[in-house]
Amino acid sequence: MNHLTNDQAAPAPAPAATLQPNPFSLEGQVALITGGGTGIGFDIARCMVTAGATVIITGRREAVLAEACAELGAGAHYLVNDVADLPALDGLVAELEATYGPLDILVNNAGINLKKPALEVTDQEFARILHTNLHAVFALTRAAAGRMVARQKGVILMISSMAAYYGIDRVVAYAASKSAVEGMVKVLASEFSKHNVRVNAIAPGFIETEMSRTAMNNDPERRDRAMRRTPMGKFGQPADIGHAAVFLASEAARYITGASLPVDGGNSIGF
Ligand code: NDP
């Protein structure tokens, strides 16, 4: 039933937004992916190159990066960088922009894990995980975002984890770091939205990579438990994260910010 009277005319509909031919394209975009030589980062790079981006991957091992770039093809380049060296991160972004042009997309993917009962974790071990997974993510994001805000354009993605969603035992430092990243996403999204810079997280479920294989193979009980609570009944592939990253970085996601997207085969809602 229409409750509007004649003098309460409905507001004029907003003009329809023009649709780009392919809003999922990353053609002409420059993307930095930390830890892009292996695992999830490599497949984020692969999917972004396929979507048309120029991708720069970083990591500490030059041979790994060179091999990855050879596989990724002409759209991929590398810079050797240790994200834990915080004072060097502004220089990394400056060097990248001088060589490849303005940075459009930052993917904070590099991360390390430590599996140990909480009571055995030393302060040094805890600090080491937080340093790479949190402090470095903030320092690099600040370096990139300062430039993005000045240009009024940019996308920042964080790779979080199910460890930020629910209690997984023996990963106390890792879970603390990823939970903090989730909090940071919301604050940065709020601060940067008016500057046309979006900030989101992807929370991978159990994805088959070197990191997870080592953790799972040494602990079949954990592997079975993870599988049991994954409704789709299989572990994810790195490309599953890559496709989600392309979407969140693209114009198709232009109204999405401050979100954390689980890419987990339903693991986070599994009983
Ligand atoms: P990998 O171990 O395969 O990859 C980690 C990458 O990070 C490597 O390329 C490594 O390169 C790089 N890296 C580590 N430390 C540094 C550093 N100090 N400076 C620069 N690069 C560094 O792990 P995944 O692909 O599995 O993990 C990628 C991300 O996804 C991580 O943030 C992880 O926490 C997250 N994740 C993974 C899940 C999974 O199931 N696999 C689940 C949930 C989250 P190098 O050693 O050469 O520096």
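The values are calculated or read from the model by the stated rules, or taken from the named source; none is laboratory data. Predicted model, so just to flag it, every value in this text is computed and none were measured. Cβ placement follows ideal geometry from the backbone for every residue including glycine, while neighbour counts extend to all protein chains displayed. When the accessible area is computed, the model is the full protein with side chains, heavy atoms only, and any ligands, DNA or RNA have been set aside. Shrake-Rupley method; radii C 1.70, N 1.55, O 1.52, S 1.80 Å.
List of remarks:
- Checked against (1) surrounded by 24 or more Cβ atoms within 10 Å (Cβ to Cβ); (2) of a type outside the set (Ser, Thr, Tyr); (3) in contact (Cβ under 8 Å) with a residue 40 or more places away in the chain, residue 57 passes all but a single condition, namely (3).
- Output for segment 239-271, where each listed residue is out of contact with any Leu (no Cβ under 8 Å at 6 or more places or on another chain) and among the β-branched types (Val, Ile, Thr): 241, 257, 263, 269
- Matching residues in segment 133-147 - criterion: being surrounded by fewer than 24 Cβ atoms within 10 Å (Cβ to Cβ) and of a type in the set (A, V, I, L, M, F, W, C): 134, 136, 138, 139, 143, 145
- Matching residues in segment 63-99 - criterion: being of a type outside the set (Gly, Ala, Ser) and touching a Ser or Thr at 6+ places or on another chain (Cβ under 6 Å): 79, 81, 83
- Residue satisfying condition, being more than 25 Å from residue 250 (Cβ to Cβ) and charged (D, E, K, R), within set 71, 125: 125
- Scanning segment 174-211 for residues that are free of Cβ contacts under 8 Å to residues at least 40 places away in the same chain and either within 14 Å of the ligand (Cβ to nearest atom) or of a type in the set (Lys, Arg) (or both) gives 175, 179, 194, 208.
- Residue 139, sole failed condition from (1) closer than 30 Å to residue 25 by Cβ; (2) at pLDDT 95 or above; (3) within 14 Å of the ligand (Cβ to nearest atom): (1)
- Segment 67-111: number of residues that are hydrophobic (A, V, I, L, M, F, W, C), open to solvent by 40 Å² or more (accessible area, probe 1.4 Å) and either away from the ligand (no atom under 11 Å from the Cβ) or in contact with a strand residue (DSSP E or B) (Cβ under 8 Å, 6 or more places away or on another chain) (or both): 5
- Subset of segment 240-263 that is open to solvent by less than 20 Å² (accessible area, probe 1.4 Å) and over 11 Å from the mean Cα position of the chain (by Cα) - its residue that is farthest from residue 186 (Cα to Cα): 250
- Options 120, 62, 125: the member that is touching a strand residue (DSSP E or B) at 6+ places or on another chain (Cβ under 8 Å) and more than 14 Å from the ligand (Cβ to nearest atom): 125
- Scope segment 155-212; condition surrounded by fewer than 22 Cβ atoms within 10 Å (Cβ to Cβ) and of a type in the set (D, E, K, R); matching residues: 169, 170, 182, 186, 191, 194, 208, 210
- None of 219, 240 is modelled with pLDDT under 95 and either closer than 23 Å to residue 38 by Cα or among the small types (Gly, Ala, Ser) (or both) except 219.
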